[in-house]
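A quick write-up on the structure given underneath.
The values are calculated or read from the model by the stated rules, or taken from the named source; none is laboratory data. This is a predicted model, so every value here is computed, not measured. A quick note on method: Cβ atoms are made from the backbone with ideal geometry, for glycine too, and the neighbour counts reach across all protein chains shown. Calculation scope for accessible area: heavy atoms of the full protein, side chains included, ligands and nucleic acids excluded. Shrake-Rupley method; radii C 1.70, N 1.55, O 1.52, S 1.80 Å.
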2 protein chains.
Amino acid sequence: MDARNIGLRNIEVADTKICSIDGENGKLIYRGYDILDLVNHSSFEETSYLLLFGELPDKAQLEEFSYRLKESRKLPDSIIVNLKNRPKTALPMDVIQSCVPSLSDFDKNIYSDTKEDNIRRGISLISKIPTIVAAWNRIRMGLDVIEADQELSHSANTIYMIFGRKPTLEEIKVFDICLILHAEHSFNASTFAAREIASTRAHMYASISGALGALSGELHGGANIQVMKMLFDIGESKNVEDWIKDKLKEGKRIMGMGHAVYRTTDPRAEILERLSKSMCKNENYKWYEITRDIEQYTKKYILEFKKQSIYPNVDLYSASLYYSMGFPIDLNTPIFAISRISGWVAHVIEEKFAEAAPKPALYRPKAVYVGKYCGPMGCEYTPLNKRKP
Amino acid sequence: MDARNIGLRNIEVADTKICSIDGENGKLIYRGYDILDLVNHSSFEETSYLLLFGELPDKAQLEEFSYRLKESRKLPDSIIVNLKNRPKTALPMDVIQSCVPSLSDFDKNIYSDTKEDNIRRGISLISKIPTIVAAWNRIRMGLDVIEADQELSHSANTIYMIFGRKPTLEEIKVFDICLILHAEHSFNASTFAAREIASTRAHMYASISGALGALSGELHGGANIQVMKMLFDIGESKNVEDWIKDKLKEGKRIMGMGHAVYRTTDPRAEILERLSKSMCKNENYKWYEITRDIEQYTKKYILEFKKQSIYPNVDLYSASLYYSMGFPIDLNTPIFAISRISGWVAHVIEEKFAEAAPKPALYRPKAVYVGKYCGPMGCEYTPLNKRKP
């Protein structure tokens, strides 16, 4: 096959109005708005509205949207019962991936696939994924599942349902910024999976479940778990330089460093670096320091060994940040899902209802069977009793 | 974007040794073997072995493989309990898609991702998907779940677990051919979804769950349900000509006719036509006749209206065939999954462990944000209280 097609890195697969990434200049744009403006002025609810509807809401629209999110928070009782029936060791991402298609069971209008139905399903999923994550985390720890607090915003309520205590204003602000930052990133692997599945006219739940599967992989959303494991493995700031040098000499990649699209600092990493620094308090400050040193030494030795520049990506600083906020490490990827669901939903809707030509079509690529890495041809079928062992 | 990229129809995304489709000449090749040879001489177990391992098994290998399939049939008790907890109206494809990631809960070695682990997971899934389908179909009808009969082959046991009676030799043979025919078809939408998810290093269960989502769409595996709905809608052979003419005049597509790859008769459709004719007995014979007439009149009027040739695909004759065998209509797509799981598993393993360069990489395509169908740029963030309703 044409090596330029590997991973589809250079192939334009669709038109989109949702997100623009300027990898050369480190700009991330949601629906025309710079991520920095959204981080400084917006909320996750407002950003989700923007992603879904293409425009910022006015006051009444935002209130209605926030209300719809709140009223969708509760999970059906039988889903909670089924969560309690699962082995306590079940991986959180597997739990979310299996819960989402079972939400379809409760959609009374599942055979209807209008834009309105998809928006309704999307709002329900943006609202319910935090509930699934929180419920599962409580259940596996043998704790009571906590009902949503309808006085709290989306971010505040998510922290509340996970920990069972009201979050501080600082925690709410930081977590809300994290959700805004991770909400959308164009045709990354999970979003592309969601669109690919939706292109068959599969419903929203089926598409999002596939996206969750893709997110779980360690080359994608699973990377923020791998970063935290690396921090533990390094243990102390003084170990960073040797650790990084050794890994790079072994030809290993450093998790949290480098990105398929950005050729400069990922704008999200800059913000997360600042948040990690402020939230890694007291005995946790060392996790920020180790992370900062990982960035520094990876940059230094990649330049020395490969004559290349490398920059931190969104996963590098989120690991120490979430850890310092008290989240169990294996919730790092679920937190990514709690945010990215807004982007996925917007993309599924765009895939199904794009207004302009060329319309998206069922994804059905080619593969090369005969070539350098060729498969066999013309094999003659030998009956079983004549085959040689 | 470049219109030639739509749906990736002309883009080579990977090398593969699993399957070759000659769309011009109507040839389908699994691992070098013509599908006609496999249908005439092989079994689903042998074909699955071929897809997974790349070679036909000798006698001892086939026996061991069949044994491993048999010993994996049983579902964990808690999964059966959870199935019983779901609303009886849950769609079978949603049920399978949500069960597969929950099987991961019982994989004691889930963090290990060797080729052997993936083969073990693959065999377990090939074995368990029929059990899930059968269990759910019994549970939703208020019937007892039937344990596997270890004396029976994969196909025979699948029919037995669904209906609760031993199948006839004719039923076993026909069903086994159906499973061989649907087992693999290169980079179709569901297989591509599985590979795309696996490319993030997500595990086998996450990847297969995504494939199940893609299969459920009516432009893909859901089409065989739509075909049966069409047969009911037409009702009688005498209605076919007008029905087809009307639909084509409205610009609608006829389900079961036409394929993205084949430019002649799909070799699977020819075999399924023959099987449908022989299995649609007595009062069911009309469903075969209607299907045959749909083929004939669609060909005639597509030629007349569009000056194009069109051919039946794999979904056209499987609908009447499965219906005549007594399967509930909404199990048509799950039966597709019972078969295609072998191809999916082979592709996930190839995606993760391809031996030759260029190795597969994380799928991360480009999208076009600025163009004819362009998104906005440079939007200025207006504070909420200054926005006009």
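Residues in segment B:242-260 include none that are in contact with a Phe, Trp or Tyr (Cβ under 6 Å, 6 or more places away or on another chain) and closer than 25 Å to B:Asp22 by Cα. Taken together, the criteria place A:Asp94 among residues that are facing chain B (nearest Cβ under 7 Å) and not hydroxyl-bearing (Ser, Thr, Tyr).
Which of the numbered conditions does A:Tyr111 fail, given that it passes all the others? Conditions: (1) more than 7 Å from chain B (Cβ to nearest Cβ); (2) over 23 Å from the mean Cα position of the chain (by Cα); (3) open to solvent by less than 50 Å² (accessible area, probe 1.4 Å); (4) among the hydroxyl-bearing types (Ser, Thr, Tyr). Condition (3) is where A:Tyr111 drops out.
Right, B:Ser216: open to solvent by 10 Å² or more (accessible area, probe 1.4 Å) and within 13 Å of another protein chain (Cβ to nearest Cβ) or not? In short, yes.
Where helices (runs of 4 or more DSSP H) fall wholly inside segment A:183-279, the ranges with 3 or more residues that are farther than 30 Å from A:Pro101 by Cα are A:223-234, A:240-249, A:267-279. Has segment B:128-147 got any residue that is of a type in the set (Phe, Trp, Tyr) and in contact (Cβ under 8 Å) with a residue 60 or more places away in the chain? No - not one qualifying residue is present in segment B:128-147. Scanning segment B:195-208 for residues that are at the interface with chain A (Cβ under 9 Å from one of its Cβ atoms) and buried (at least 24 other Cβ atoms within 10 Å of the Cβ) returns B:Glu196, B:Ile197, B:Ala198, B:Ser199, B:Thr200, B:Ala202, B:His203, B:Tyr205, B:Ala206, B:Ser207, B:Ile208. If you go through segment A:17-48 and keep only what is open to solvent by less than 30 Å² (accessible area, probe 1.4 Å) and within 14 Å of B:Arg364 (Cβ to Cβ), you end up with A:Cys19, A:Gly23. If you go through segment A:309-324 one residue at a time, do you hit one that is assigned to a loop (DSSP other than H, G, I, E, B), modelled with pLDDT under 90, touching a strand residue (DSSP E or B) at 6+ places or on another chain (Cβ under 9 Å) and not polar (S, T, N, Q)? No, the conditions are met nowhere in segment A:309-324.
The set of residues in segment B:30-58 that are out of contact with any helix residue (DSSP H, G or I) (no Cβ under 6 Å at 6 or more places or on another chain) and within 7 Å of chain A (Cβ to nearest Cβ) comprises B:Gly32, B:Tyr33, B:Asp37, B:His41, B:Asp58. Restricting B:Ile172, B:Ile177 to residues that are open to solvent by 10 Å² or more (accessible area, probe 1.4 Å), within 28 Å of A:Leu362 (Cβ to Cβ) and assigned to a helix (DSSP H, G or I) narrows the list to B:Ile177.
When A:Phe106 is tested against (1) surrounded by fewer than 22 Cβ atoms within 10 Å (Cβ to Cβ); (2) over 30 Å from A:Val145 (Cβ atoms); (3) touching a Pro at 6+ places or on another chain (Cβ under 6 Å), only condition (2) is not met. Output yes when any residue across segment B:159-167 is hydroxyl-bearing (Ser, Thr, Tyr) and over 29 Å from A:Leu91 (Cβ atoms), and no when none is. Yes: one or more hits. Among the residues here, A:Phe65 does not qualify as more than 9 Å from chain B (Cβ to nearest Cβ) and either out of contact with any helix residue (DSSP H, G or I) (no Cβ under 6 Å at 6 or more places or on another chain) or open to solvent by 30 Å² or more (accessible area, probe 1.4 Å) (or both).
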